[in-house]
Amino acid sequence: MKNKNSESQIKTLIEESSSCVIIPHKNPDGDALGSCLALNHFLLKKGLNSIVISPNDYPSFLKWMPGETKILNFEKESTKAVQKIENADLIFTLDFNDLSRSGIMCDNIKVANGKIIMIDHHEKPKEYADLKLSDPEIGSTCEMIYNLINYIDSGIINSDIASCLYTGIMTDTGSFRFPSTTSGTHHVIAKLIEKGANNSEIHQKIYDTFSFNRLKLLGVALKNIQKLDSLPYIIITLNQTELDECSFKKGDTEGFVNYGLSIKGIELSVILIESKEDGIIKMSFRSKGDFSVNIFAEKYFCGGGHHNAAGGVSKEPMYETKNRLINLLKSFH
Ligand code: 5GP
Ligand code: MN
């Protein structure tokens with residue numbers, strides 16, 4: 001087992017420490033929050049003083065997860081959060097491998113005295129951590145956290161931990177359909193259900209919570225869908241006016257990009273979402289097969305992620321961004 005050495009070092013560090021903070025990436029998703037919350041439950045049960053600090057807010061469909069109400073939002077409670085980071089023996093960074101993904105917390109983490117432990121499944125980790133548990137072959141950080149907790153003290157896994165981990169594995173594997181889903185993933189899922197994760201209820205809490213406005217926004221996105229001439233590529237756009245008209249809230253566009261891939265024969269789907277406030281276009285890429293969207297996003301749109309799912313940004317306006325993207329895709333093919 002290639003990660004056993006790191007797992008054993010993390011076990012020792014946990015035994016030697018008394019306080020820690022756990023940090024997901026900016027705009028945390030189900031896997032980032034699920035892994036942080038599960039590890040937090042575990043460390044609290046191990047007697048550590050532990051807390052999850054999120055760089056910013058997260059979608060309301062995640063605001064039921066066990067322990068979620070105790071998360072510190074760095075944007076809203078920065079003084080308390082900075083203190084916690086300064087005083088922590090251990091700083092866990094989960095579901096990202098480039099410190100800039102922690103957003104405005106980045107500088108505070110850099111100058112802190114605690115040991116930084118990265119636990120992540122993205123490719124090409126950067127060298128910022130004192131200890132790294134990294135495996136791009138695993139479909140979610142939650143599956144890695146399950147393996148870690150199972151290795152250190154499997155008896156501690158209760159229904160809260162199981163629910164958090166189930167959520168992240170489910171969301172990051174596209175409900176167990178992406179190629180990263182293995183028999184190992186299903187073994188872990190079986191264990192989590194045995195430990196009390198209510199699978200059916202969790203699916204409903206994550207996927208059946210659309211607001212009326214969110215469904216209207218999906219309608220707008222689908223109306224804007226464009227297929228590139230004679231190429232198996234889809235582009236979807238949402239500008240600020242369209243978002244405003246549907247009272248856009250964080251998380252409302254989650255999953256929209258996948259609709260492009262539901263068309264037979266399509267190999268790549270991209271959604272461009274305008275943010276006037278940040279002066280950027282946020283981009284999400286999804287692919288099937290050989291198209292490495294992480295490489296494409298990193299090379300052209302300051303982004304990254306996984307082979308079949310990545311994100312990036314553009315500082316140019318929507319029209320220019322879309323044109324640049326189309327030209328790049330035409331020459332890339
Ligand atoms: P999403 O499109 O859902 O925002 O992100 C898809 C995947 O790409 C996730 O694994 C996420 O962590 C990663 N990702 C999204 N945006 C960025 C970005 O701006 N930079 C990097 N390096 N990764 C990103
Ligand atoms: Mn993940």
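Here are the numbers:
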read-out	value
Conditions (1) assigned to a loop (DSSP other than H, G, I, E, B); (2) within 16 Å of ALA32 (Cβ to Cβ); (3) out of contact with any strand residue (DSSP E or B) (no Cβ under 7 Å at 6 or more places or on another chain): number failed by HIS122	(3)
Residue in the stretch 223-238 that is part of a loop (DSSP other than H, G, I, E, B), more than 30 Å from ASP160 (Cβ to Cβ) and in contact with a Ser or Thr (Cβ under 8 Å, 6 or more places away or on another chain) present	yes
Of all residues making up the stretch 69-101, the number that are part of a loop (DSSP other than H, G, I, E, B) and either touching a residue at least 40 places away in the same chain (Cβ under 8 Å) or within 16 Å of ligand 1 (Cβ to nearest atom) (or both)	6
Cβ pairs under 6 Å, 6+ apart, first in the stretch 164-178 and closer than 16 Å to GLU137 by Cα, second open to solvent by less than 20 Å² (accessible area, probe 1.4 Å) and assigned to a loop (DSSP other than H, G, I, E, B)	GLY168/SER140; ILE169/SER140; ASP172/GLY139; ASP172/SER140; THR173/GLY139
Failed item, numbered, when CYS20 is tested on (1) assigned to a loop (DSSP other than H, G, I, E, B); (2) in contact (Cβ under 8 Å) with a residue 24 or more places away in the chain	(1)
Selection from the stretch 256-292 of residues that are of a type in the set (Asp, Glu) and part of a loop (DSSP other than H, G, I, E, B)	GLU267, GLU277, ASP278, ASP290
Of all residues making up the stretch 23-45, the number that are in a helix (DSSP H, G or I), within 16 Å of ligand 2 (Cβ to nearest atom) and either open to solvent by 10 Å² or more (accessible area, probe 1.4 Å) or not acidic (Asp, Glu) (or both)	9
Residue in the stretch 151-163 that is within 14 Å of ligand 2 (Cβ to nearest atom), polar (S, T, N, Q) and either open to solvent by less than 20 Å² (accessible area, probe 1.4 Å) or under 16 Å from ASP95 (Cβ atoms) (or both) present	no
Out of ASN258, ASN323, sole residue that is at pLDDT 95 or above, surrounded by fewer than 21 Cβ atoms within 10 Å (Cβ to Cβ), of a type in the set (S, T, N, Q) and within 12 Å of ligand 1 (Cβ to nearest atom)	ASN258
Failed criterion for ILE104 (all others in (1) within 16 Å of ligand 2 (Cβ to nearest atom); (2) in contact (Cβ under 8 Å) with a residue 40 or more places away in the chain; (3) not polar (S, T, N, Q) hold)	(1)
Pairs, first of a type in the set (D, E, K, R) in the stretch 293-317, second within 7 Å of ligand 1 (Cβ to nearest atom), C-beta under 7 Å, six or more apart	GLU298/GLY304
Matching entry among CYS106, CYS142 (being open to solvent by less than 60 Å² (accessible area, probe 1.4 Å), under 30 Å from PRO179 (Cβ atoms), at pLDDT 95 or above and in a helix (DSSP H, G or I))	CYS142
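The values are calculated or read from the model by the stated rules, or taken from the named source; none is laboratory data. Worth saying up front: this structure is predicted, and the values here are computed from it rather than measured. A quick note on method: Cβ atoms are made from the backbone with ideal geometry, for glycine too, and the neighbour counts reach across all protein chains shown. The area values use the complete protein model at the heavy-atom level, side chains included, leaving out ligands, DNA and RNA. Shrake-Rupley method; radii C 1.70, N 1.55, O 1.52, S 1.80 Å.
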